[in-house]
Structures are given as C-alpha cells and as structure tokens.
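Scroll down for the structure; my scribbles are underneath it.
The values are calculated or read from the model by the stated rules, or taken from the named source; none is laboratory data. Everything numeric in this text was worked out from a predicted model, so none of it was measured. Cβ sites come from the backbone with ideal geometry, for glycine too, and all protein chains shown count toward neighbours. Calculation scope for accessible area: heavy atoms of the full protein, side chains included, ligands and nucleic acids excluded. Shrake-Rupley method; radii C 1.70, N 1.55, O 1.52, S 1.80 Å.
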Amino acid sequence: TGGLTTIDPGYKNTGSCTSAITFLNGEEGILRYRGYSIEDLADKADFLEVAYLLIFGELPTTTQLEKFHSDIKAQSHVDEDVKKILDGFPKTAHPMGVLSSLTSALIAFNPSSVNVDSEEDMYKAIVNIMGKFPVLVAWALRKRTGQPLDYGDDSLGYVDNILKMMFKKPNSEYKVDPIVSNALDKLLILHADHEQNCSTSTVRIVGSSHAGLFASLSAGISALWGPLHGGANQAVLEMLEAIKEDGGDTKKYMAKAKDKNDPFRLMGFGHRVYKNFDPRAKIIKVAADEVLEALGVEDPILDIAKGLEQEALNDPYFVDRKLYPNVDFYSGIIYRAMGIPVEMFTVMFALGRLPGWIAQWKEMRENKEPIGRPRQVYTGENLRSFKEASDR
Ligand code: SDX
C-alpha cells in the first residue's frame, strides 16, 4: 500500500496548496478576492479591473488598466485557420467541448505561449489568452446559431466587446444595452475565482507538470463542464423547465431530491465549502429581479426557483445538510433573459473564471510547486503467475 493507510476521497479534508488569491469562509458565507469583499467588487468594480486584481494582486491604477486592456486588444486576433477547426464541429456540438478544444488548438498558433520563465513571457501569455478567449466564446455561440464569426471592436470595453461578438446581427449595427452590459459584468466578477474548486485544482495540477497555460486552461474547462460543478447552471435551468412542464409541482422534485434511491439532485443547491448561504447566490438573486424587470422579461421559472428555495429552507433534509442555493441556482435565469442559450451557460461561467484560473496557475508556477502526484491505498490482487490463454 506504499505505507498509506487512509485516503481522502474528493479531498474533502485535504489542503493542496497555500494561496494568497481568494479567501472563503464557508461557515459565515464570506468570499474575498485579494482581501476585497465580493459584495464591494460586484458593486463597485468592473470585470477587467477584477481580472487584473486577481492576476497581479492589486487593484490597477487607471493607467495600468488602460495598458492591460490595450495589450489584451493587441492579442485579440484569432488566426483564421482556427475557424477551420471550428468548421469541423457539428452545430450540435456542446459549446464547452468546442471551447476546450479551441483553447488547446490555440497553442499551435501561439507556440511561444508555453514559455513563461520570465515575468515578461508570463505577461505575454496572460494577455494573449485574455484577448483570444472571448473570441472563442463568441465563436462557440455563433457556430450554434449559424451566424458569421466576428472579431469584435477595439473601441468597446472588454465586456461590451464580448456582447457585440456574441449578439451583433450580420445586417445591422449592434448597440450595447447598458442593463445587459452591467449584468454580465457583475456575473463575470461573481464567477471570477473560488480558491481550490474542482476546475481550478485541475488547472493547477495540469500546470504542475509544466504543461503550458493554454493546455492547463483547456483541462480546467473540461472539469468545469461537469453537472456537479459549472455544468450545474445549465442543469438548474433544465430542472426548472422540467418542473414547469410538470405543472410547477416543486414538492414532487423535492421528494425526488431527498430519495436516496433517486439519482436526482436539486441542482444549484449545496456546496462543499459554503455551509451557509453562497454570498454570490444572494447577489445574483437580487440581480435576477432587477435585470428581468429592467428588460421587461417575465420568466415564470424565477418564481419556481424562489418557491424551491423557500421549501428547501424549511425542509429538515436540506437544513440538516446545510444545503443552500449556490452560484449556479439563479445565474441561468439572468443569462436566459439576456438571450444566451442554455447550452452556453457554462461557457459564460468559464469566461468569468478565466482570470481566476490564470491567477492560480501563475501563483502555482511562481511558487515553484512540485508536480502533483498523490499516492493510493492498493486494494487489488497480490502477486500471481502469468497464465497462457489455453489455461484461462
Ligand atoms: C460550483 O467548489 C466550488 O467552489 C465550486 C463552485 C465554484 O465557484 O467553483 O462554487 C461552483 O460547482 C457550485 C456547485 C454546483 N453544483 C450543483 O449545484 C450540483 C448539486 N450539488 C451537489 O451535487 C453537491 O452539493 C456538491 C457537488 C455541490 C457538493 O458535494 P459534496 O460536498 O461532495 O457533498 P455530498 O455530495 O457528499 O452531499 C452531502 C449530503 C449527501 O446526503 P447524505 O449522503 O449525507 O445523506 O447532502 C446531499 C447528499 O446526498 N446533497 C444533496 C444535494 N447536495 C448534497 N441532496 C440533494 N440535492 C443536492 N443538491
């Protein structure tokens, strides 16, 4: 057994690293990026400012932010040949698979991105992916909708440019709706980092073998795709739709969620760390009301979601297990009101998480962390002799 006697499935009680980036207190529902509260940042900062804070450790001056943005814009051109890879996918391909593949494909077109030994090379790789990733996100959407691909507009802000690349219709000017722009900016901030969650741990462990930044991010996107992780925001909408189709019978679904023999889970509920409210869910729930009202969108599933939350808060099964709504419970309702299709919800999560993944990967490399290589407790066969096929 290599001397090991116990293991820690899912690393529930294992710390993988020290980190100075994000602080969580699960009991009190506290989340801070580099010491700033998520409430303050969601309310007062913009997404690119928060990306800078996570990656470089300080809120940028106006000059620093302008330089960061212009260096990013200078890298926002994705080689035309990447479109040939995108062309190879069927329209029905899940956008997370497209995004993970194209992120990895970018390495071939940006070979120098794997060299991060100097601070300057690390910076170049970071602004490179910060410039190209939003283009891939928009292209993943446009592939599904059959619309022409767009490279964006350097005169726009970072988030406004993403909206334009996603939603500009071929035959008309695109005017950014400030309600949508502010809502997306806030959502991206709320998703930007979350210490050693599954996908961030994936980015760190892949990077610990000194695989490049883009390869590590591609692996992180795949980990985020799972319905127990970032894929939950899509699963929540599908669950709420099913409940609506089923006549809004939330009690039936609560019973299914509590039935040990039923694999159904109340998606968007529960969290490994938060044993109180997820502070992000609180902010998103308020934003959902504000954004839908401002957009004049009536969405009955918001009421179903609120009904489920109310029932769970009064149900011993959920209260005893400290299961509360997490970041994925209400976010999809806002994305849908903004015209984002449900298959793109986890891609939007990845877009928000990009700076966090980058910051954590950079910290892992700067701390010269050893290659991730856990041990096991062996439970297989003892030594045995080989048998010829005729004797088996
Ligand atoms: C994200 O880690 C992060 O920080 C992730 C994230 C980030 O920003 O990166 O916050 C983003 O991934 C949020 C989580 C999105 N996932 C979902 O909403 C899927 C539904 N939730 C669960 O599958 C679950 O709650 C997890 C995965 C979030 C947490 O799983 P744990 O910590 O391994 O807890 P567990 O599965 O051991 O559950 C403990 C108990 C079990 O019951 P018992 O066996 O003790 O009787 O609670 C039950 C579970 O059955 N339970 C649920 C439930 N979640 C847990 N029962 C019904 N519905 C649920 N959603």
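Determine which member of the set ASN197, ASN161 is within 16 Å of the ligand (Cβ to nearest atom) and either at pLDDT 95 or above or under 16 Å from MET338 (Cβ atoms) (or both). Full working, then the answer.
Details: ASN161 fails: within 16 Å of the ligand (Cβ to nearest atom).
Result: ASN197 is the single residue among ASN197, ASN161 that is within 16 Å of the ligand (Cβ to nearest atom) and either at pLDDT 95 or above or under 16 Å from MET338 (Cβ atoms) (or both).
Find the residue count for segment 262-297, including only residues that are within 13 Å of the ligand (Cβ to nearest atom) and surrounded by fewer than 20 Cβ atoms within 10 Å (Cβ to Cβ).
Total meeting the criteria: 8.
State which residue pairs qualify: first residue under 15 Å from LEU106 (Cβ atoms) and inside segment 78-94, second residue in a loop (DSSP other than H, G, I, E, B) in any location, beta carbons under 7 Å apart, and separation of 6 or more residues or different chains.
LYS83/LEU149
The rows are residues; the columns are (1) open to solvent by 100 Å² or more (accessible area, probe 1.4 Å); (2) on the phi > 0 side of the Ramachandran plot; (3) away from the ligand (no atom under 15 Å from the Cβ).
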position	(1), (2), (3)
TYR317	no, no, no
VAL327	no, no, no
PRO341	no, no, yes
LEU354	no, no, no
GLY372	no, no, yes
VAL377	no, no, yes
LEU383	yes, no, yes
ARG392	yes, no, yes
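Return the pair list, or none, for Cβ contacts closer than 7 Å from residues in segment 264-286 that are within 18 Å of THR22 (Cα to Cα) and acidic (Asp, Glu) to residues that are more than 7 Å from the ligand (Cβ to nearest atom) and open to solvent by less than 50 Å² (accessible area, probe 1.4 Å), at least 6 apart or on different chains.
ASP278/GLY29; ASP278/PRO325
Quick one: which of GLY247, GLY230, GLY220 is part of a loop (DSSP other than H, G, I, E, B) and more than 10 Å from the ligand (Cβ to nearest atom)? Even if it seems obvious, please write down each step before you answer.
Working: GLY230 fails: more than 10 Å from the ligand (Cβ to nearest atom); GLY220 fails: part of a loop (DSSP other than H, G, I, E, B).
The conditions single out GLY247.
Scan segment 14-34 and give yes if some residue there is over 30 Å from LYS186 (Cβ atoms) and part of a loop (DSSP other than H, G, I, E, B), otherwise no.
As a first pass, look at segment 14-34 and keep what is over 30 Å from LYS186 (Cβ atoms): 14-15.
Still in the list and also part of a loop (DSSP other than H, G, I, E, B): 14-15.
Yes; the residues of segment 14-34 include at least one that is over 30 Å from LYS186 (Cβ atoms) and part of a loop (DSSP other than H, G, I, E, B).
For segment 53-63, check the following and say yes or no: at least one residue is within 16 Å of the ligand (Cβ to nearest atom) and either part of a loop (DSSP other than H, G, I, E, B) or β-branched (Val, Ile, Thr) (or both).
Restricting attention to segment 53-63, the residues satisfying the condition of being within 16 Å of the ligand (Cβ to nearest atom) are 54.
Among the residues that remain, those that are also either part of a loop (DSSP other than H, G, I, E, B) or β-branched (Val, Ile, Thr) (or both) are: none.
Checked segment 53-63: no residue is within 16 Å of the ligand (Cβ to nearest atom) and either part of a loop (DSSP other than H, G, I, E, B) or β-branched (Val, Ile, Thr) (or both).
Here is a list: LYS251, LYS244. Which entry is at pLDDT below 95 and more than 27 Å from GLN360 (Cβ to Cβ)? Working first, answer last.
Numbers: LYS244 fails: at pLDDT below 95.
Only one candidate passes the filter, namely LYS251.
Which is surrounded by 19 or more Cβ atoms within 10 Å (Cβ to Cβ), within 30 Å of VAL327 (Cβ to Cβ) and basic (Lys, Arg), of LYS44, LYS12, LYS73? Before you say what the answer is, go through the steps one by one.
On the way: LYS44 fails: surrounded by 19 or more Cβ atoms within 10 Å (Cβ to Cβ); LYS12 fails: surrounded by 19 or more Cβ atoms within 10 Å (Cβ to Cβ).
After applying the criteria, what remains is LYS73.
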